Amino acid sequence: MPVPVILDCDPGHDDAFNILLAAAHPAVDLLAVTTVAGNQTVEKTTLNARRVCAAAGIRGVPIAAGRDRPLHGPPLVAENIHGGSGLDGPGFGDGEPDVPQDPRDARTLIRDTLLAHPAPVTLVPTGPLTNIATFLLAHPELIPRIERIVLMGGSTGRGNTTPAAEFNILCDPEAADIVFSSGLPITMFGLNATHQARATADVVSRIAALGTPLSRLCVELLTYFAGTYREVFGFDAPPLHDPLTVAHLIDPSLISLVRAAVSVELTGTYTRGATVVDLLGVTGRPANAEVGMEVDVAGFWELIVEAVRVLGERSGD
Ligand code: BDR
Ligand code: CA
């Protein structure tokens, strides 16, 4: 049986590929997409989710907008990485995508989706954890309907937005703390894992060789993303963070996991938003998460290229 999934995201170049992977692979049943303020405002991330679905022919998956700011403080965006639109690179044009926005808000869509599905559903957040924390606080009675949370965020090591903190967690540390303290099974893919999954020139040319309108759009996304990662971080190829989550659901052997206690730093003078991962087991705190470690990089890119191929051919029919 395919894994029933709700994606909660802030597209975002790497979020976009995660939507494609979840929609394309038969091991995943993509029930809903919810959006959150993160890489850009929630208006922009919602429009971007609709644009990606329209371009890939993903129809019938409801897309609802969630929170426009973190639980505390002002929102943070990643314009230096994802551009002014949140998905710079391709020319999407000014027209409205022909995939609608669901009139419900994200919290209501998550609630309705959990209630409607006969089995517990996996939540896959790849942006700030604001929507998920808000949902857990609002609907404790529905927590048994959540199978597990598989998220991109944090790191076992250092950050990318401050020396200590990764972007998704730094955007809303209080929300992340609520999620990591929830008692739900959590699998975390942080920068220590995602930085292994770089879109090299070889990967980009494999996608280009597919020769569909969707593959061209994917190349434009990766080319823009490569430019900002080169300028901002000096990387020779950009890491495609978010799709490690769905790749893990499709093939759990692709990324090794260790169990550990993960705490979110809420107050540190220089370290707010850091995930403190007790890999050595020195704190005595019980493990509350599985943490992604070593990535089968070739296997990961096989899944991504295949997803672009399948959707590109399907939407060209
Ligand atoms: C995370 O931050 C965002 O910019 C990406 O979409 C990813 O979810 C990486 O730190
Ligand atoms: Ca993201």
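Here, each number is a calculation from the coordinates, and none is a lab measurement. Keep in mind the model is a prediction, meaning the values are calculated, not measured. Note that each Cβ is placed from the backbone with ideal geometry, even for glycine, and that neighbours are counted across all protein chains shown.
Tabulated data
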item: Inter-label distance, nm, simple model (7 Å from Cα along the C-beta direction), Asp68/Glu231; result: 2.8
item: Per-peptide average of other Cβ atoms within 10 Å, ordering 296-303, 230-237, 155-162 highest first; result: 155-162, 296-303, 230-237
item: The stretch 124-146 versus the stretch 39-71: alpha-carbon centroid distance in Å; result: 18
item: Two-site label geometry, Thr269 and Ala287: point separation in nm, points 7 Å out along Cα→Cβ; result: 3.5
item: Karplus-derived HN-Hα couplings along the stretch 213-227 (A = 6.51, B = -1.76, C = 1.60, θ = phi - 60°), whole Hz, x at Gly and Pro; result: x, 5, 5, 5, 4, 5, 5, 4, 4, 5, 5, 4, 4, 5, x
item: Average Cα contact separation per residue, the chain, under 8 Å, 6 or more apart, as relative contact order %; result: 20
item: Per-pair calculated FRET efficiency, R0 = 30 Å: Arg259 and Val297 via Cβ, rounded to 0.05; result: 0.85
item: Per-residue [θ]222 nm for the chain (sum of -39500 (n - 2.57) over DSSP H runs n ≥ 4, rounded to 500); result: -11500 deg cm²/dmol
item: Residue-count net charge about Asp236 - beta-carbon cut-off 9 Å; Lys, Arg +1, Asp, Glu -1; result: +2
item: Per-residue HN-Hα couplings for the stretch 154-162 [Karplus 6.51, -1.76, 1.60; θ = phi - 60°; Hz; x = Gly/Pro]; result: x, 5, 7, x, 8, x, 10, 10, 10
item: Net +/- balance of residues flanking Trp301 in space, Cβ distance below 11 Å, scoring K and R +1, D and E -1; result: -2
item: Linear extension gain, Thr162 paired with Leu115, 0.36 nm per residue minus alpha-carbon span; result: 13.0 nm
item: Per residue, the convex hull volume that the Cα atoms of the chain enclose (Å³); result: 123
item: Calculated over the stretch 85-199: convex hull of Cα atoms, volume per residue (Å³); result: 152
item: Estimated dipole of the chain in Debye, rounded to 20 [Cβ of Lys and Arg +1, of Asp and Glu -1, Cα centre]; result: 260
item: Potential extension, Glu141-Glu79 segment - 0.36 nm per residue separation minus Cα distance; result: 18.6 nm
item: Whole-Hz ³J(HN,Hα) from phi, Karplus 6.51 cos²θ - 1.76 cosθ + 1.60, for the stretch 188-197, glycine and proline x; result: 10, 10, x, 4, 4, 8, 5, 5, 7, 9
item: Equivalent ellipsoid semi-axes - Cα gyration tensor, the stretch 187-317, angstrom; result: 33, 18, 11
item: Amide hydrogen neighbours beyond the local backbone of Glu147, cut-off 5 Å, H modeled; result: Val121, Thr122, Leu123
item: For peptides 98-106, 32-40, 71-79, sequence by mean Cβ density within 10 Å, most packed first; result: 32-40, 98-106, 71-79
item: DSSP-defined antiparallel bridges as percent of all bridges, the chain, nearest 5; result: 30
